[in-house]
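Here is the structure we will look at, set down as structure tokens.
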Amino acid sequence: MQYKNSRQDPTKARQSSSSFQQTSSSTNSPQTSIMKLLIVVALFAAASANVLQNPWPFTVVTRDTKTDAEVKPVAILRSTNDLKEDGSWKHSFASEDGIQVEASGFQKRLGPKPEDVGAVSRGSYSYVTPEGVVLTVNWTADENGFQAKGDHLPVAPPMPEHVVKMLADLRAAGRL
């Protein structure tokens, strides 16, 4: 069998692969491999020690700093969960510190395809401020997004009259 060039010659290919093996094995000596392994193990140990020492890397600032021994658990007075086969659900709970939560939801078809489904949820929650004031938030989450309402929440000012007129003109022209 004759070969037209050296690239097709199997003996030359074997020689070049053995020279590659020699150069690659000389750079990956057992000492180098062990050293790389030790570096990886040391980095892993250092990272693990930091996580074990401080599992939460952020500092939480509160008004009244209490130690774990001074904080007493809050009892749950009432808790209900109801999940129905049609996908609708209800959830509520109340705790002894004044927190109350109620929410319900259902699936709603949003488009022509069966997979065009979204969730509609409504609910409220209330809590007691450190000053003793009960704050309540009523909310809705649907195809229009999350909307929260409460006496203590800021409300956007009304739109200027010229913007209302411009939007009405755009709607009438079919551009909105």
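When segment 30-81 is filtered for residues that are in a loop (DSSP other than H, G, I, E, B) and at pLDDT 80 or above, the ones remaining, listed by number, are LYS72, PRO73, VAL74, ALA75. The residues in segment 152-176 that are within 30 Å of ALA119 (Cα to Cα) and more than 29 Å from the chain's Cα centre (by Cα) can be counted, and the count is 8. Quick check: is even one residue across segment 86-99 modelled with pLDDT of 90 or more, over 28 Å from THR129 (Cα atoms) and either outside the structural domain of VAL120 (by TED's automatic domain parsing) or of a type in the set (Lys, Arg) (or both)? Among the residues of segment 86-99, not one is modelled with pLDDT of 90 or more, over 28 Å from THR129 (Cα atoms) and either outside the structural domain of VAL120 (by TED's automatic domain parsing) or of a type in the set (Lys, Arg) (or both), which makes the answer no. Candidates VAL120, VAL133: the one that is aliphatic (A, V, I, L, M) and either within 22 Å of ARG109 (Cβ to Cβ) or not assigned by TED's automatic domain parsing to the domain that holds GLY98 (or both) is VAL120.
Among the residues of segment 135-151, those that are surrounded by 13 or more Cβ atoms within 10 Å (Cβ to Cβ) and either of a type in the set (Val, Ile, Thr) or over 23 Å from the mean Cα position of the chain (by Cα) (or both) comprise LEU135, THR136, VAL137, ASN138, THR140, GLY150.
The values are calculated or read from the model by the stated rules, or taken from the named source; none is laboratory data. In this text the structure is predicted, and so the values were computed from the model without any measurement. Cβ atoms come from the backbone with ideal geometry, glycine included; neighbour counts cover every protein chain shown.
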